[in-house]
There are 2 protein chains.
Amino acid sequence: MPETLPLRQFLNLIYLRDSMKILVAEKCGFCHGVRNAISVAEKTLSHIKDGNPVYSLGPIIHNKNEVERLAKIGLKTVDSVKKIRSGTVLIRSHGAAPKQIARLKEKGLNIVDATCVLVKRVQHIAEELEKDGYQVVIIGDEDHPEVQAVTGCAREVVVIADENDLHKLPMNTRLGIVCQTTQSPEHFGRVLGAIGKCSFSELKVINTLCKEAIIRQESAVQLCRQVDIMFVLGGLESANTLRLAELCKKYNSQTFHLQNWNELDKSILPGKNIAGVTAGASTPDWIIGEFVKNLEAF
Amino acid sequence: MPETLPLRQFLNLIYLRDSMKILVAEKCGFCHGVRNAISVAEKTLSHIKDGNPVYSLGPIIHNKNEVERLAKIGLKTVDSVKKIRSGTVLIRSHGAAPKQIARLKEKGLNIVDATCVLVKRVQHIAEELEKDGYQVVIIGDEDHPEVQAVTGCAREVVVIADENDLHKLPMNTRLGIVCQTTQSPEHFGRVLGAIGKCSFSELKVINTLCKEAIIRQESAVQLCRQVDIMFVLGGLESANTLRLAELCKKYNSQTFHLQNWNELDKSILPGKNIAGVTAGASTPDWIIGEFVKNLEAF
């Protein structure tokens, strides 16, 4: 893996070549939460005694390449508490449900919590809203681990992905609403508007969107308006990368979501004068750097 | 004025004539709040001693004909506290700001409060939201007396008529939102959705819409889909009648908003087989009855 700092510096430059100009989004790649989780994982792995396993409950981030890199230095990814017998368990940035954490504790495992502070905040808010008598609602994707962890923080949480889920809402109730941190303000507002047209007695909405994710989205939109072709780098299961790609496609039809340089079909490059590059919050700098270097050399 | 009860009964019937079928909306005309205000006014006028004036602070309802009828039996409409020296003051169904009521009390006037209970509720909620540290926001028309009374219940209330007013909202704040009682759920939801896309830290939204107004809107929409021509009866300054007419126009382009039978341009009637009639919450039964009778006889 290339060194991180020099790469980060050169990513913000504008590349001028006879053939192609490459612009990298001012804000892209690792967010604080992901950077912290990776750093916690690396520290944990380096401090652990030989033979003592370190597990991640679910992939530590939604990036196959980074997960593979960490696996090589010892991080074992498991999909359930059952599969862990001893050692240390890392709670990834998306968090875990209180029930899962309780089960880990019961097993006497060493827990290292790398839950993003913003995700932790959503969990606390869901608990508080329920205590205050609200029906907790989260606007987000039912299958996303962050949402699943939040649904575990209250008795019964209604998950609303979009307008098609409105039938799940109870009528004439006090609804306490939060949002998956990586959704866009546009989506959040649209779904809120749809809920507002339903029959409710009170809405308490806490804005739990991640500001960094919003800035990345704005930065990407700005960039993809200036380029002939736009690349969104990141895991195919990464919610924030998918959202970024979806948003870019709206403003530039020549948008391609790739995990890394190898996935690029080079035949689409000829004739393009300016290329834009952005990346999800779980895409490491080395993937972005490698992509830009190769594109530059192409 | 014709008697009320028999009229109310015959309004819900379907009129079949060789020439034209007339359908009256199942729910239309006076709502509880307006009916109460009129009844309070009539009682106050009948109990008052000779020479002791009875004032209404602003037109008691937004219906010229009804205001004229009450004026004939003694109700004096004034537009400001200054113009009242002695006697009894009626607070209309739209309510009055606490400051106005305080000034009436200072003057030693006899106050009869006919504020609609739902409007009173909005005022209380605005006060409570402010006490709880929210920036109070009302979705409604700045010039409407109900909204003006609510804005007088908190230090600084932001009035949002529609998306064009969003710039008035402070950023990253806890917003406590109520709605003018006679707005439609559609409008309420749309504006909420637009607010949801702005930068806020928390929204507390209390549904203050009048359910009767919603039922009237639904009933009108249902009706105007079945008719060739639709009449919406009510004051030209009545917010709920205007909203009703606007809504009907969406579903039936042949919608006409009239104050009474005299305003109808009869040349539009020939060729129409089915006519629908609805009326705002401030339109008295005798206006609806007169209209239907004349249309039937035409």
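Tell me, for the rotation carrying B onto A, which chain B residue has the beta-carbon closest to the axis and what that distance is in whole Å.
Nearest to the symmetry axis by Cβ: B:G193, 1.
Which three extents, in angstrom, do the Cα atoms of region B:6-157 have along their principal axes, listed largest first?
61, 46, 21
Treating the beta-carbon of each Lys and Arg as +1 and of each Asp and Glu as -1, no other charges, what is the dipole magnitude of region B:152-231 about its Cα centre, to the nearest 20 debye?
The dipole of region B:152-231 has a size of about 240 debye.
For region A:230-273, with only Lys/Arg (+1) and Asp/Glu (-1) charged at the beta-carbon, what is the dipole magnitude about the Cα centre, in debye rounded to 20?
Approximately 200 debye in magnitude.
Note the distances from A:L236 to each other copy's matching label point, with points 7 Å along the Cα-to-beta-carbon direction, in nm, sorted shortest first.
Nearest to farthest, the other copies are at 6.5 nm.
Which of rounded, prolate, oblate describes the protein assembly as shown, given a ≥ b ≥ c as roots of the alpha-carbon gyration tensor eigenvalues and a/c under 1.5 marking rounded, otherwise prolate only if a/b is larger than b/c?
Judged from the Cα gyration tensor, the protein assembly as shown comes out prolate (a/c at least 1.5, a/b above b/c).
Taking a ≥ b ≥ c as the square roots of the eigenvalues of the Cα gyration tensor of region B:155-298, is the shape rounded (a/c under 1.5), prolate (a/b larger than b/c) or oblate?
Prolate, since a/c reaches 1.5 and a/b exceeds b/c.
At a probe of 1.4 Å, how much accessible area disappears from chains B and A on forming the pair, both sides counted, to the nearest 100 Å²?
Rounded to the nearest hundred, the buried surface is 1500 Å².
No solvent, one uniform scatterer per C-alpha: report log10 I(q)/I(0) for region B:189-231 via the Debye equation at q = 0.24, 0.27, 0.30, 0.33 1/Å, two decimals.
Debye intensities relative to I(0), on a log10 scale: -0.86, -0.95, -1.04, -1.11.
When only alpha-carbon atoms count, how far does region B:69-142 stretch along each of its three principal axes, as whole angstroms with the largest first?
44, 28, 20
Suppose we keep just the DSSP beta bridges with both residues in the protein assembly as shown; what percent of those would be antiparallel, to 5?
Rounded to the nearest five, the antiparallel share is 10 percent.
Which GluC sites (Glu not before Pro) does region A:150-191 hold that lie in a coil by DSSP with at most 15 other beta carbons within 10 Å?
Here the GluC sites (Glu not before Pro) that fit, given the DSSP loop and packing criteria, are A:E156.
From zero outward in steps of 10 Å, how is the percent of C-alpha pairs of region B:249-294 spread across the bins?
21, 59, 20, 0
In the P(r) worked out for region B:135-194, what percent of Cα pairs fall beyond 13 Å?
57
Can you give me the distance in nm between label points at B:H32 and A:Q222, each placed 7 Å from the Cα along the Cα-to-Cβ direction?
5.3
For chain A, rounded, prolate or oblate, judged on the Cα gyration tensor with a ≥ b ≥ c (square roots of eigenvalues), a/c < 1.5 rounded, else prolate if a/b > b/c?
oblate
Mean Kyte-Doolittle of at least -0.5 plus a Cα span of 15 Å or more along the axis: flag which DSSP H helices in chain B meet both, please.
Passing helices, by number: B:32-47, B:117-131, B:185-196, B:211-224, B:239-251, B:285-297.
At 7 angstrom along the Cα-to-beta-carbon line, where would the label on A:E186 sit relative to the other copies? Give the distances in nm, shortest first.
2.5
Testing the spin-label approximation: label points 7 Å from Cα along Cα→Cβ at A:N172 and A:Q254. State their distance in nm.
Label at A:N172, label at A:Q254, 5.8 nm between them.
Which pairs in the list A:K99/A:K168; A:K197/B:K27; A:K197/B:K21; A:K27/A:K266 are over 29 Å apart, alpha-carbon to alpha-carbon?
Result: A:K197/B:K21 exceed 29 Å.
For region B:221-298, what size does the Cα cloud have along each of its three principal axes, sorted from largest down, in whole Å?
Taking the Cα atoms of region B:221-298, the three principal extents are 31, 26, 18 Å.
As a test of the formula, what do you get for the protein assembly as shown when each DSSP H run with n ≥ 4 contributes -39,500 (n - 2.57) and the sum is divided by the residue count, at 222 nm and rounded to the nearest 500 deg cm²/dmol?
-12000 deg cm²/dmol
For A:R121, which inter-copy label distances result when the label point lies 7 Å beyond Cα on the Cα-to-Cβ vector, reported in nm to one decimal and in ascending order?
Spacings between copies for this position, smallest first, are 3.4 nm.
Can you tell me the accessible area per residue over region A:151-296, all protein chains present, probe 1.4 angstrom, in square angstrom?
38
Can you work out the base-10 log of I(q)/I(0) for region B:26-109 at q = 0.18 1/Å, using the Debye formula on its C-alpha atoms alone?
-0.76
I need the P(r) histogram for region A:117-236: all alpha carbon pairs, bin width 10 Å from 0 out to the longest distance, whole percents.
Reading the bins upward from 0: 13, 43, 29, 12, 4, 0.
The values are calculated or read from the model by the stated rules, or taken from the named source; none is laboratory data. Note that the structure is a prediction, hence the values are computed from the model and not measured. Don't worry about glycine lacking a Cβ; one is built from the backbone with ideal geometry, like all the others, and counts go over all protein chains shown. To get the accessible areas, we keep the full protein, side chains included, count just its heavy atoms, and leave off ligands, DNA and RNA. Shrake-Rupley method; radii C 1.70, N 1.55, O 1.52, S 1.80 Å.
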